[in-house]
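Data block below; observations after.
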Amino acid sequence: MQSLSNRAKKLEKKPMNFSERMYLPAIFQGLTITMRHFFKKKATISYPEQTRPMSAVWRGLHVLKRDEKGRERCTACGLCAVACPAEAITMVAGERKRGEEGLYREEKYAVSYEINMLRCIFCGLCEEACPKAAIFLQNDKTAPARYERDEFIYGKDRLVEPMPATGNNQ
Amino acid sequence: MESTVFLVKALIILAVFGVTLLIATYSTYAERKVAAFIQDRIGPNRAGPLGLFQPLADAVKLFFKEEFVPANANKFLFILGPSLSMLTACMASAVIPFGGSILIDGQYINVQAIEVNIGILYIFGVVALGVYGIMIGGWASNNKFSLLGAIRAASQNISYELAMGMSIIALLLVTSTLSLGEMARQQGEPLFGISGMNWNIFYQPLGFLIFIICAFAETNRVPFDLPECETELIGGYHTEYSSMGMGLYLFAEYVNIFVASAVMATLYFGGYNFPFMYDMGLPHNIVTLLGTVALFGKIFFFIFFFMWVRWTLPRFRYDQLMNLGWKILIPLSIANVIVTAAIILFKQEYFQ
């Protein structure tokens, strides 16, 4: 049959010679290949002890930042919740009382702030939406595996950045 | 005098049995490690240091699984199958000489559980019984895939035992004894002035090749693992088995590998003999100890070879298996017998 493209290659089926029919050289060749793999460097990273290096722009676990005086930056404006495509963020806003100026930066603050890590897709849109530079996705932490679904709803206790050791509120 | 001999002999029997089981246990671990290393992984490493308690964890897991017996299975035979498999596998290591002799109170005691002068025939008989365990288990499951696996195991074992027997006959012509202890002793004689190097592999290379191929088939290992071929038969003869019934079948396979490796090392690779063993002027018991270490080195190499081949070669098709057995190995082994016999006759006629 005439080939249309003239690119077809004619394959010749040669009868196997004696050493090929014995299969032993081929088996030996295969054994050397597997032996080379035996001594090769292993691809496994034994995870809990060893972790992969993460990129500088990696979007991992969220953190709610404090300002330079140790006050929470978040004002519960809700822009992050609106920006969130997975609807993972909920919050309840509250008014700052007299005497709490050292705790919250603005007159309004988040009484509760929850992120559902099972819904979150770690896109980073909350970070972009935030006008107060309060929420960031860290590049060195991930949300670890847990046994209960409830444990994946991160409240303020796990999201807010811990107080710096040498704060102004001493 | 008699009591020390009895005591030492009892200790040797216990040690041989214990070592057989221990090596089979750790073969499962070694298999997983070798598989992992060949596939660029690191293998089990969580249970204990380097994963060394993995066999214990596996055994505990198997013991706690439900012992399931199918509704229409023959209960007695269903339980007998794996037990028989395990029993015959453990019996075979009794006649293998695991070392030379120990000198105690001026008496030589051979490091061999049972000294019989038909050792190789005994091993053949016991290993051939092993297929009954598979056959009974496969049939008693009342499952067509189990039965197909069992039939494959039986026909494969029969086909390859012929070629194996023929390769042994050629070896018997060379050694002119059936006793494994005597064969091992003969291989300790000097060859080209090096003591302990008179190995049968130098006289029977083709016989060894046939023997090792048949040993793979007899132990149902890749590339001859058609009885348990998952792609065609689900799990073959142990499809219906769970818990320790399954465990015993798998364990029996590793005991068989150990026995096959020990037999190959004893028949063809000098047994407990190692080069220069009598030239160094060491005391008798030290030489025996080193010989035992050498034998286990050879056995471990063969066990590793079994695993190495498993993760290298794909499985045969059934007709290829039968072609290889009947059309290639058997004629080749018969030719080997004839050529060996002719050479021996020629030597007797013209050189002595």
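Computed from the coordinates by the stated procedures, all read-outs in this text should not be read as laboratory data. As the structure is a computational prediction, the values presented were derived from the model and not from experiment. Positions of Cβ are backbone-derived with ideal geometry, glycine not excepted, and every protein chain shown enters the neighbour counts.
Please compare each pair in A:LYS65/A:LYS97; B:LYS33/B:LYS327; A:LYS14/A:LYS42; B:LYS33/B:LYS144; A:LYS97/A:LYS141 to a cut-off of 30 Å on the Cα-Cα distance and tell me which ones are over it. Checking Cα-Cα distances, B:LYS33/B:LYS327; A:LYS14/A:LYS42; B:LYS33/B:LYS144; A:LYS97/A:LYS141 exceed 30 Å. Cβ crowding within 10 Å, taken as a proxy for footprinting-reagent exposure, orders B:ILE286, B:ILE303, B:ILE334, A:ILE115 from fewest neighbours to most as B:ILE286, B:ILE334, B:ILE303, A:ILE115. The angle separating the long axis of helix B:243-267 from the principal Cα axis of greatest extent in chain B is about 20 degrees.
Diffusion of segment B:199-244 by Stokes-Einstein, at 37 °C in a medium of 0.692 mPa s and with Rh set to the Kirkwood radius over alpha-carbon pairs, works out to 262 µm²/s.
Please compute the net charge surrounding A:ASP140, taking Lys and Arg as +1 and Asp and Glu as -1 over other residues with Cβ under 12 Å from its Cβ.
+3
Neighbouring Cβ atoms from other chains, within 10 Å of the Cβ of residues in B:30-40, number 3 on average.
Using the rule -39500 (n - 2.57) for each DSSP H run of four or more residues, divided by the residues of chain A, the 222 nm mean residue ellipticity is -5000 deg cm²/dmol. When +1 charges are put on Lys and Arg Cβ atoms and -1 charges on Asp and Glu Cβ atoms, the dipole computed for segment A:9-48 relative to its Cα centre reaches about 200 debye.
Loop-resident chymotrypsin sites (Phe, Trp or Tyr not before Pro) (DSSP state other than H, G, I, E or B) in segment B:130-215 with no more than 10 further Cβ atoms inside 10 Å of their Cβ: B:PHE192.
The loop-placed chymotrypsin sites (Phe, Trp or Tyr not before Pro) in segment A:36-117, going by DSSP, that have at most 16 neighbouring Cβ atoms within 10 Å of their Cβ come out as A:PHE39, A:TRP58. With a Förster radius of 56 Å applied to the beta-carbon distance between A:ALA43 and B:PHE351, the computed FRET efficiency rounds to 0.40. Eigen-decomposition of the gyration tensor built on the alpha-carbon atoms of chain B gives equivalent ellipsoid semi-axes of 35, 26, 19 angstrom, largest listed first.
For the protein assembly as shown, a simple Cβ point-charge model (Lys and Arg +1, Asp and Glu -1, everything else neutral) yields a dipole of about 1600 debye relative to the Cα centre.
The alpha-carbon atoms of segment B:307-351, seen along their principal axes, cover 48, 24, 8 angstrom, with the largest extent given first.
If one takes the longest principal axis of the Cα atoms in chain B, at what angle in degrees, from 0 to 90 and to the nearest 10, does the Cα axis of helix B:119-140 lie? That helix lies at roughly 0 degrees to the long axis.
What does the charge dipole of chain B about its Cα centre add up to, to the nearest 20 debye, if the Cβ of each Lys and Arg holds +1 and the Cβ of each Asp and Glu holds -1? Magnitude of the dipole: close to 560 debye. Applying 1/(1 + (r/R0)^6) with r as the Cβ-Cβ distance of B:MET322 and A:ARG158 and R0 = 51 angstrom yields a FRET efficiency of 0.20. Residue order for A:ARG96, A:ARG59, A:ARG52, fewest other beta carbons within 10 angstrom first, comes to A:ARG52, A:ARG96, A:ARG59.
For A:TYR104, the residues whose modelled amide H falls within less than 5 Å of its own, excluding neighbours fewer than 5 places apart on the same chain, are A:GLU72. From largest to smallest, the equivalent ellipsoid semi-axes obtained for segment B:223-340 from the alpha-carbon gyration tensor read 35, 23, 11 Å. Relative to the dominant Cα principal axis of chain A, helix A:24-38 is inclined by about 20°. Based on DSSP H segments of at least four residues, each scored -39500 (n - 2.57), chain B has a per-residue ellipticity at 222 nm of -21500 deg cm²/dmol.
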